[in-house]
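The values are calculated or read from the model by the stated rules, or taken from the named source; none is laboratory data. No experiment lies behind these values; they were computed from the predicted model shown. Positions of Cβ are backbone-derived with ideal geometry, glycine not excepted, and every protein chain shown enters the neighbour counts. Ligands, DNA and RNA are stripped out before the accessible areas are found, and what is left, the full protein with its side chains, is counted by its heavy atoms. Shrake-Rupley method; radii C 1.70, N 1.55, O 1.52, S 1.80 Å.
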Amino acid sequence: LSPDGKYFVYAEHDAGVARLWLRQVAGGQPLEIVTGAEPIVGTTFAPDGQFVYYVTLGQREPQGALYRVPTLGGAAAKLLTGIASPVALAPDGRRLAFVRLSSENEESRLVIAGSEGGDARVVLVRSGGERLNTSGPAWSPDGQEISCSLLHASAKTGSRTWSLIGVNVQSGGFRTL
């Protein structure tokens, strides 16, 4: 849903090929803004509503890739790879947050980058019996904290529980919300 609540985007998938559509909430005809993408696993509007960020995951990008396209369509720009969740944009629109997975050491990482995809830095790493959820993080309104869900799995008992955590953007410390 766009920040002003007037538009929404959605993906259609057919035989491993995705198309991204924009539509007014009030009705009207949809506008195709991306054609021929790999499967789309998440979409996010920029805070000013000028761009749509989307994440693909497929054969060409098995670790996931982030793209940005103007809201009314145009050329999509590939911003980064190695992304396993939808992105969340900071309230000021200058930073984005996402989850990155590492299969080699079974880690999940909360990463912050500039809105153009550069200057990435890891804020939080979880491994072992804990893993960040790939449903996507969310920024606090003041831009000082990022919330995401964290899986706690016990190898001994087989139990699995989820908690919602808040991660401090500066220190990387987190607290249970």
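Things worth noting here:
- Thr81 contributes an accessible area of around 60 Å² to the protein surface, as traced by a 1.4 Å probe with all chains present.
- Built amide H within the under 5 Å cut-off of Ile83, gap 5+: Gly64, Ala65
- For the chain, with +1 on Lys and Arg beta carbons and -1 on Asp and Glu, the positive-most of Ser2, Val17, Gly58 along the dipole: Gly58
- ³J(HN,Hα) computed for each position of segment 70-81 - Karplus, 6.51 cos²θ - 1.76 cosθ + 1.60, integer Hz, glycine/proline x: x, 4, 8, x, x, 6, 8, 10, 7, 9, 6, 10
- The trypsin sites (Lys or Arg not before Pro) found in segment 1-55 that occupy coil by DSSP, while having at most 16 further C-beta atoms within 10 Å, are Lys6.
- Note that the chain presents 53 Å² accessible area per residue, ligands and nucleic acids not counted, probe 1.4 Å.
- Portion, in percent, of the accessible area of the chain that falls on carbon or sulfur, probe 1.4 Å: 49 percent
- The candidate values were (1) 53, 38, 30; (2) 65, 30, 27; (3) 48, 34, 34; the one computed from these coordinates for Cα extents along the principal axes in Å carries the label (1).
- Rounded to the nearest 20, the Cβ-based charge dipole of the chain about its Cα centre (Lys and Arg +1, Asp and Glu -1) stands at 280 debye.
- 10 Å Cβ shell holding at most 12 others, DSSP loop, GluC sites (Glu not before Pro): longest site-free stretch of the chain: 1-103
- As a calculated quantity, the FRET efficiency between Val125 and Trp21 at R0 = 41 Å, using C-beta atoms, amounts to about 0.70.
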